[in-house]
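Please read the structure below before turning to the comments.
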Amino acid sequence: MRMDQHIIVIGGMNIDILATTNLSFQLEDSNPGHHVMDTGGVGFNIAYDLSLLYQQVSFFTVIGEDQFHHLLKDACEKQHIQVYSPYSNRSCLYVALFDHHGDLQGAVASMDAMDALNASFLSQYEPMLKQADVIICDANVSKDALSYIAQLQHPFKIIELVSVEKAKKVKDIHYGFHWIKGNYKEVNTLFSSSTIKDTLLPEQALIVTNQTNDAQFVTKEQTRTYHIETSTEVVNTSGAGDAFLVGCIDGYFKGKDILKQGHRMSLCALKSKNSKMLKECAIHEHQD
């Protein structure tokens, strides 16, 4: 097994403002609670977690020339993630509300700045893209950029669907990705449940999660199911899905059970107040 894979992540990075109530969440009212502000985004979470496991991660995203510029850029530099960003006058912002159990109640993702990351910008780096061991996109990226990657000749491309609405951008180009990862609702945006195996190409696979229910790895030939263990130590659910995908990729490179590795990494994320516990978990996985 090589540990020097060059992994390219193309996706969103933003400032996270995560607010958690002290008691049960009350709609249409002011809820006493507490908050944290940190760097986040699906693409960044994936790039960050992968950088803990592998030596070379390149990250294509948008970092705006605004008050958040240095905070976002420094977060990547501290983890030795090489960033490629087009010009934008503003960065992306994600505001999420959690109840006292750590379950997401609602969120607003202001991701319009991602439109600056288009096919024209990516095409400048085509030789590097083609030489990477794996290309991972999230659906925060514009349809223009996703279409470019879908058509790019490369042996291992992954798409993270992010949400039901954003998954719609992938509907006509899903054939251009080897792994498609999403939850049950997101995947059903792309496929009819009765025709998934008929629609998949021989080289494609679906990684399907469904909250605390079993996860599945679906190919044209078979469906593998992994029983999800429930965790009683959930701090919050933000980033758990991203960690699950990272674990699956790690399992693939190490020749281990893909879904089991995904579950192990997601459990670490569920228990993490910040990146420290997840980092320790990732380092442990790296040494296994």
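Annotations
- For the stretch 74-115, the set of residues classified as over 28 Å from Ser30 (Cβ atoms), of a type in the set (Gly, Ala, Ser) and touching a Gly at 6+ places or on another chain (Cβ under 8 Å) consists of Ser88, Ala113, listed by residue number.
- When restricted to residues that are surrounded by 19 or more Cβ atoms within 10 Å (Cβ to Cβ) and farther than 28 Å from Asp4 by Cβ, the stretch 47-65 contains 1.
- Restricting Ile180, Ile158, Ile149 to those that are part of a helix (DSSP H, G or I) and either in contact with a helix residue (DSSP H, G or I) (Cβ under 6 Å, 6 or more places away or on another chain) or of a type outside the set (Ser, Thr, Tyr) (or both) reduces the list to Ile149.
- Residue within the stretch 3-22 that is in contact with a Ser or Thr (Cβ under 9 Å, 6 or more places away or on another chain), surrounded by fewer than 19 Cβ atoms within 10 Å (Cβ to Cβ), within 30 Å of Tyr252 (Cα to Cα) and in contact (Cβ under 8 Å) with a residue 24 or more places away in the chain present: yes
Coordinate-derived values only; no laboratory data. Here the structure is a predicted model, which means the values were calculated and not measured. Backbone-built Cβ (ideal geometry, glycine too); neighbour counts: all protein chains shown.
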